[in-house]
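**Q** Dumping the structure here so I can ask a few things about it.
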Amino acid sequence: MKKIVFILILGIACPKLIAQNVEDALRFAKTNQTGTARFSAMAGAFGALGGDFSSINSNPAGSAVFINGQSAITVSNANLRNKSNYFNTQTTENYASFDVNQAGAVWIFEDYNNKNNWKKIAVALNYENQNNFNDATLVAGRNQNNSVSNYFTSFANQNGGIQLSSLKNGFYDDLNFEDQQAFLGYQGYIINPVADVPNNTSYVANTQAGGVFDQQNSQLQTGYNGKLTFNIATQYKDFLYVGMNLNSHFADFRNTSSFFENNAGSINSGIKSIRFDNEIYTYGSGFSFQLGTIIKLDKGFRIGLSFESPTWLRLNDEVTQNLVTSGFGFGSPANPNLSSAQPDSNVIKVYKSYSLQTPSKFNASFAYVIAKKGILSFDYGLKDYSSTKIGLQNDSRNLNVNQQLSNSLRAASEFRVGAEYKVKQLSLRGGYRFEESPFKDKVTIGDMTTYSAGLGYNFGDTKIDLSYSFSRRNQQLSFFSQGFTDFANINARNNTIALTLLFEM
């Protein structure tokens, strides 16, 4: 069998990953409902309540609500189920992961001087997994219109094309990402130069027009977006709490995908099958801050206001690509037999890191405490995703990249409702969360709905909380950034169980 094997290893911040893929920038701008089990059970509606470690991430004033020093750790188990529909072929992929969602401690320093209106100062250190990237999808179907060869052709023909034949001996280590993709397709016999075009700078796909292609894409994502928070807050008299967070962010994301295409028709020349594997590893760090206040209007009613600054991240991308093709007549159209060849290529290329600025967030909260027996709470958050910005150092593409983000994304609202009722040492909880799509088309990533419930038991110096949440969201999964832009419809379901152990200090 004719095989072309090409391995391209890059340590880059490449245009496919950031400049032409809004989803990659959006990945670090979104947050999931993680944190303590109590927080999750009540859908995160804690902005006006405080007294919970994860509430500190919603409103920094929440740490001053703690009566005494405490420490807590939270673990969770998430089970994801993705159902895909690709040209009326349905497939299902399941994935389970275990994570440490939260770990933190708070110290309370009270002022017992009755003449001082500032009652106490709270200092907290808390780690929280803002976003769990663990996910898996499997897509399969028969495409009667397009081949993945269009991906390589689009790169070869953009910007006037490039004479790929002059790079046949491997002198291409200084190429940009676009031309490397074109060269990859050329060396794999996926694209051929148009014979009557001078300098061979125009290319066509080596797949049969009108072909029928069986296609399959498997994708595995792992990683997290973590936040370590230093918090300080204070209480004024018995009605006002104010606080501030200084946040250090840690990003670690790996996406491994394998796309396979087989020409299901009867052919005697050109490409028979293509396997194109990509592994993307993104890592980096960043900073943000938060300000917040909680006001007790009377014994029961409370309001909370908070602001979260943009997160300023510095990210790095590493990409590994592997291409395997098989077909007829490679190197000589007159040769009808299957043949084999392996190009000599082993390129490592390092590009500069890039910056990512995620949008700020405003949050307003309302809560009513019923005689220390029950709680009803509501949170409203607003985040303008269109303000997300990417910065490539000394790169003229910045304007186009950020214009694409602005054109595709929008301001999105989030609603959270939570309730709790205590029966002696036992607490019963429930919640509902609705998050609007960050996309203007509301289809690329749809709205998300989450239902949650939980319970807790107070042993005195120790508390244990358990929660269950179910979320659902529809989205479209595109395999490549350009040329071949067919997508699958994904119906995503997530079932998460969280357990928190809390100790008084």
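**Q** Residue by residue, what Karplus-based ³J(HN,Hα) values in Hz, rounded to whole numbers, does the range 24-34 have, using 6.51, -1.76 and 1.60 with θ = phi - 60° and x for Gly and Pro?
**A** The phi angles translate into 5, 5, 5, 3, 8, 8, 8, 10, 9, 7, 10 Hz.
**Q** Hey, another quick one. Specify which residue in the list 226, 421, 101 is farthest towards the positive end of the charge dipole of the chain, using unit charges on the beta carbon of Lys, Arg (+1) and Asp, Glu (-1), about the Cα centre.
**A** 421
**Q** Given (1) 22.6; (2) 25.0; (3) 24.0 as candidate values of Kirkwood radius over Cα pairs in Å, which corresponds to the one derived from the coordinates?
**A** (2)
**Q** In addition: What is the percent carbon and sulfur in the accessible area of the range 21-166, measuring with a 1.4 Å probe over the protein chains and ignoring ligands?
**A** Reported share for carbon and sulfur atoms: 47 percent.
**Q** Which of 487, 271, 190 sits farthest toward the positive end of the charge dipole of the chain, with +1 on the Cβ of Lys and Arg and -1 on the Cβ of Asp and Glu?
**A** Among 487, 271, 190, the one farthest towards the positive end of the dipole of the chain is 487.
**Q** Rolling a 1.4 angstrom probe over the protein heavy atoms, how many square angstrom per residue are accessible across the chain?
**A** Ligands and nucleic acids excluded, the figure is 43 Å² per residue.
**Q** Between residue 301 and residue 421, what is the label-to-label distance in nm when each label sits 7 Å out along the Cα-to-Cβ direction?
**A** Rounded to a tenth, the inter-label distance reads 2.3 nm.
**Q** Return the distance in nm (one decimal) between the two label points of a simple spin-label model at residue 314 and residue 115, each offset 7 Å from Cα along Cα→Cβ.
**A** Modelled inter-label distance: 5.0 nm.
**Q** Over the range 57-106, what per residue volume does the convex hull of the Cα atoms give, in whole Å³?
**A** Residue-normalised Cα hull volume stands at 100 Å³.
**Q** Would you mind putting 32-38, 54-60 in packing order, based on average other-beta-carbon counts within 10 Å, highest first?
**A** 54-60, 32-38
**Q** From the mean inverse distance of alpha carbon pairs (Kirkwood) and the Cα radius of gyration, derive Rg over Rh for the range 33-175.
**A** My calculation of the ratio gives 1.30.
**Q** What FRET efficiency would be calculated for the residue pair residue 476, residue 291, taking the C-beta separation as r and a Förster radius of 41 Å, to the nearest 0.05?
**A** My answer for the efficiency is 0.65.
**Q** Turning to a different aspect of this structure: Would you please report the Å³ per residue occupied by the convex hull of the alpha carbon atoms in the range 440-505?
**A** 131
**Q** Near residue 373, which aspartates and glutamates are there with a Cα under 12 Å away, not counting those fewer than 8 places off in the same chain?
**A** List returned: 420.
**Q** Could you pull out every one of the aspartates and glutamates with an alpha carbon less than 20 Å from that of residue 442, ignoring same-chain neighbours closer than 8 positions?
**A** Within reach: 23, 24, 384, 414, 486.
**Q** Go through 299-305, 125-131 and give me the packing order, highest mean Cβ count within 10 Å leading.
**A** Answer by packing, highest mean first, reads 125-131, 299-305.
**Q** May I ask which residue of 437, 206, 453 lies farthest towards the positive end of the charge dipole of the chain, with charges of +1 (Lys, Arg) and -1 (Asp, Glu) on Cβ and the Cα centre as origin?
**A** 453
**Q** Report, in debye and to the nearest 20, how large the dipole of the range 404-505 comes out about its Cα centre when Lys and Arg carry +1 and Asp and Glu carry -1 on their Cβ.
**A** Rounded to the nearest 20 debye, it is 220 debye.
**Q** Enumerate the amide H contacts of residue 301 below 5 Å, restricted to partners 5 or more residues apart or on another chain; note that Pro and chain-start residues carry no placed amide H.
**A** Result for residue 301 returns 369.
**Q** Give, rounded to the nearest 20 debye, the magnitude of the charge dipole that the chain has about its Cα centre when Lys and Arg contribute +1 at Cβ and Asp and Glu contribute -1 at Cβ.
**A** In total the dipole reaches around 1340 debye.
**Q** Can you give me the % of accessible surface on the range 178-327 that is carbon or sulfur? Probe 1.4 Å, all protein chains present, nothing else counted.
**A** The C+S portion of the solvent-accessible surface of the range 178-327 is 56 percent.
**Q** Check cross-link reach from residue 272 to the aspartates and glutamates: straight Cα distance under 16 Å, and skip same-chain residues fewer than eight apart.
**A** 214, 261
The values are calculated or read from the model by the stated rules, or taken from the named source; none is laboratory data. Just so we're clear, the structure is a prediction, and the values are computed from it rather than from any experiment. Using ideal geometry, Cβ is built from the backbone for each residue, glycine included, and neighbour counts are taken over all protein chains shown. Surface areas here come from the heavy atoms of the whole protein model, side chains and all, with no ligands, DNA or RNA. Shrake-Rupley method; radii C 1.70, N 1.55, O 1.52, S 1.80 Å.
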